[in-house]
1. Explain nothing, just the number: dipole magnitude of region 23-69 about its Cα centre with +1 on each Lys and Arg Cβ and -1 on each Asp and Glu Cβ, in debye rounded to the nearest 20.
2. Using 0.36 nm times the number of residues separating Ser91 and Arg15, minus their current alpha carbon distance, what extension gain do you get?
3. In the chain, with Lys and Arg counted as +1 and Asp and Glu as -1 at Cβ, which of these residues, Leu104, Gln21, Gln128, has the Cα nearest the positive end of the dipole, that is, farthest along it?
4. Can you bin region 1-102 into rounded, prolate or oblate? Criterion: square roots of the alpha carbon gyration tensor eigenvalues sorted a ≥ b ≥ c, rounded for a/c under 1.5, prolate for a/b above b/c, oblate for the rest.
5. Hey, for a label at Ser113 modelled as a point 7 Å past Cα toward Cβ, could you say which residues of region 26-41 have their backbone N under 15 Å away?
6. Quick check: at a probe of 1.4 Å, how many percent of the accessible area of the chain sits on carbon and sulfur atoms?
7. Given a 1.4 angstrom probe, what's the average accessible area per residue across region 17-93, in square angstrom?
8. Run the dipole for the chain about the Cα centre, Lys and Arg Cβ at +1, Asp and Glu Cβ at -1, nothing else charged, and hand back the magnitude in debye, nearest 20.
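The values are calculated or read from the model by the stated rules, or taken from the named source; none is laboratory data. What you are looking at is a predicted structure, and each value in this text was computed from that prediction instead of being measured. When we count neighbours, we look across all protein chains shown, and the Cβ atoms used for this are built from the backbone with ideal geometry, even at glycine. Note: areas computed on protein heavy atoms with side chains; ligands, DNA, RNA excluded. Shrake-Rupley method; radii C 1.70, N 1.55, O 1.52, S 1.80 Å.
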Amino acid sequence: MQANSSFTIQLATWRDLRALQRLERDCFNQDAWPLLELLAVLTFPNTVRLKAVTDDRMVGFIAGNQRRSDSTGWIITLGVLHDHRRRGIASALLKECQRQLGLLRIRLTVRRSNQAAIALYRNCGYHQVEVWRKYYYGGEDALVLEKHLTSNREVKP
């Protein structure tokens, strides 16, 4: 899988449950998924799940679903520990997840107030296609962002 001088991207498994739980709390506070949902994302079929690792420690995680019925991949979560941000980890995870999903259209949701994440996604080619009102905890809207990959070469090596 992908490697960088400061991190590697590896497949995540159910054995990463506790590390993922810590990462979720660090990244998402009140939006952190409960333990059973984390276990599900680490075990359900047709889910791409990747972790970024530094010094044998999970510092980032991404998961995506293939929804072949409408030929869309969904990034269902992406998080990087606060003290490891701005090192290219999130964009590397996003790129590898898109590749493994193998679909030409990818969507995701993001809190309207999460300007850093919105900037990351826009820099990676995503644009807003929808707003889901009061989607997040506390009633905040979700922006639905989408990216169209131009060819299978962008998707598969």
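1. 300
2. 25.0 nm
3. It is Leu104.
4. On the way: a/c = 1.66, a/b = 1.18, b/c = 1.41.
Oblate shape, in that a/c is at least 1.5 and b/c is the bigger or equal ratio.
5. Inside the label zone: 28-32.
6. Working: 4240 of 8810 Å².
After summing per-atom areas, the C and S share lands at 48 percent.
7. 52
8. In total the dipole reaches around 280 debye.
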